[in-house]
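Data first, discussion second: the structure below is written as C-alpha cells.
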Amino acid sequence: MRDTRESRLLLVLLIAIAFALITVDIRGGAESPVDGARQAAAAVFGPVENGVAAAVDPIGNAIGAVRDSGERHDRIATLERENAALKAKLGSDDRNRSRLRELDTLLKTAGAGQYGIKGAEVIAIGAAQGFSWTVTIDAGADDGIERDMTVLNGSGLVGRVTTVGPSTATVLLASDPDFTVGTRMEKSDELGFATGQGNGPLLVQLLNGKAKVKNGDRLVTFGSQANKPFVPGVPVGEVVRVDPLGGGLTRNVYVRPYVGFSKLDIIGVVVQAPRTNPRDTVLPPKPKPAPTVTVTVTPPPPEGEQQGEQPQGQVQGQVQGEQQPGQQQPGQQQPPGWQQQQGQKPENEQQGD
C-alpha cells in the first residue's frame, strides 16, 4: 500500500476505533458489550493458535536447548568437580584418622619400651641399592638418623636403617631374606636367630635343640652390643609352627611377624635406646580365652519309674524323714486297735483262731 493521504486517514480512524473499543470494554467490566465478540474470536482462533504452537514449540525448545547447552555443561562440570572434591575430602579424613591411630599406637609402644624415637613416613618402596624388601622414609641425617638404627611401628619390629641421606633413609625390612635378628622367647628366655622369608613367616633357629616350644609362644628382640643395630624388647611375632625334634643342635620354628610389611605408613626410628632392658613389657596383652559354657542334660527317668515305681531318691526321703503307714515313731504310743485299722486281727482273735 502506498503512503497516501487516504491511507493515513484510514490508519488514524482504525486507531481511534481501537481506543474507543478498549475504553468501552474497560468500563463495561464483566458486562462488556464486546465480550461476545471476544469469545467468538477465541473460539475461531484458539484451535489455530494451538496448532501453530504445537508445530513451533519443538523448534523453539531445540533452539533453547542449544542456547542453554553451554550453561548446563558448565553446571554439570562444576557439580562433578564438587563431588570429586567431596570424595577426596572424605577419603583424606578417613586416611587421617587411620594415620592418627597408627601414630597413637606407635607412641604407646615407644613409651612402653622407653625408646626415644624419630617419627617418619614411608614415601617409597624398594631402593636403588638393590634390596628386594626395603622402604624409603622421609627422615635422614638432618633428623638425627644413622645407619644401623632399629625401626619399629606400633605393632613391633619393622627393620633396620641401612642407608642414610640428608633427608631420607633406606630401611631393610625384617621380611628380607638377608635380614637376621637375635630373638628371645617370652618367659622361657630361649635364644635364637630370626631370618626373613619374604611373604612367609620368619624362620627362627633356636640355639637349644631340645627347647620346649608351642604355637602361640611370643618372641622379642634380644638386643645388640651398644644397641646397634637392634635394641632389646621389640616385639617380633608369635610361633605358628614348630618343626619336630630331629636330634640336631638347633631347632627350627616359624614365627608370624606382628608387622604387616605390605601396609607400612607411619614408623619410628629408635634414636635413643632404653636405659634398661624392657624384656617382655612391650608385648601386646594376650587375648582372653572365650568363656566355656557347660550344658548339663538330665536323662528322663526309666519307663518303670514312670509307671509307678518310686525313684530311689524318693524312697530314701521316705526312709529318712517320712513316716510310713503303720510305722511307730520312737516314744509314740499307738491307740488300741491300731493293728485292726491296718488290716490285722487283734491278738485275742489270733489266739482264738
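The values are calculated or read from the model by the stated rules, or taken from the named source; none is laboratory data. Keep in mind it's a predicted model, so treat the numbers as computed, not measured. Neighbour counts run over all protein chains shown; Cβ positions are idealised from the backbone, glycine included. Quick note on the areas: whole protein, heavy atoms, side chains included, nothing else; ligands and nucleic acids left out. Shrake-Rupley method; radii C 1.70, N 1.55, O 1.52, S 1.80 Å.
Looking at region 206-221 only, could you name the residues that are modelled with pLDDT of 95 or more and not charged (D, E, K, R)? LEU219, VAL220, THR221, listed by residue number. Only one of ILE123, ILE145, ILE137, ILE117 is among the aliphatic types (A, V, I, L, M), surrounded by fewer than 17 Cβ atoms within 10 Å (Cβ to Cβ) and touching a residue at least 12 places away in the same chain (Cβ under 8 Å). Can you tell me which? Matching residue, one of ILE123, ILE145, ILE137, ILE117: ILE123. For region 157-171, the criterion of being out of contact with any Ser or Thr (no Cβ under 9 Å at 6 or more places or on another chain), touching a residue at least 24 places away in the same chain (Cβ under 8 Å) and open to solvent by 60 Å² or more (accessible area, probe 1.4 Å) is met by at least one residue.
I'm trying to understand the selection: among the residues of region 257-286, which are farther than 20 Å from ARG99 by Cβ and either open to solvent by 60 Å² or more (accessible area, probe 1.4 Å) or among the basic types (Lys, Arg) (or both)? Within region 257-286, VAL271, GLN272, ARG275, THR276, ASN277, ARG279, THR281, PRO285, LYS286 qualify. How many residues are open to solvent by 70 Å² or more (accessible area, probe 1.4 Å) and at pLDDT 95 or above if we restrict to region 242-256? So the count comes out to 1. For region 206-215, the criterion of being of a type in the set (Gly, Ala, Ser), open to solvent by less than 60 Å² (accessible area, probe 1.4 Å), more than 25 Å from SER132 (Cα to Cα) and within 35 Å of the chain's Cα centre (by Cα) is met by none of the residues. Among residues that are of a type in the set (D, E, K, R), modelled with pLDDT under 95 and surrounded by 14 or more Cβ atoms within 10 Å (Cβ to Cβ), LYS228 is included. If only residues of region 231-241 that are in a strand (DSSP E or B) and in contact (Cβ under 8 Å) with a residue 60 or more places away in the chain are counted, the one that is surrounded by the fewest Cβ atoms within 10 Å (Cβ to Cβ) is GLY237. Check ASP176 against each of (1) open to solvent by less than 50 Å² (accessible area, probe 1.4 Å); (2) touching a strand residue (DSSP E or B) at 6+ places or on another chain (Cβ under 6 Å); (3) of a type outside the set (Val, Ile, Thr) and name the one condition it does not meet. Of the numbered conditions (1) open to solvent by less than 50 Å² (accessible area, probe 1.4 Å); (2) touching a strand residue (DSSP E or B) at 6+ places or on another chain (Cβ under 6 Å); (3) of a type outside the set (Val, Ile, Thr), the odd one out for ASP176 is (2). Taken over region 183-202, the criterion of being crowded, with 19+ Cβ neighbours inside 10 Å and part of a strand (DSSP E or B) is satisfied by THR183, ARG184, MET185, GLY192, ALA194, LEU202.
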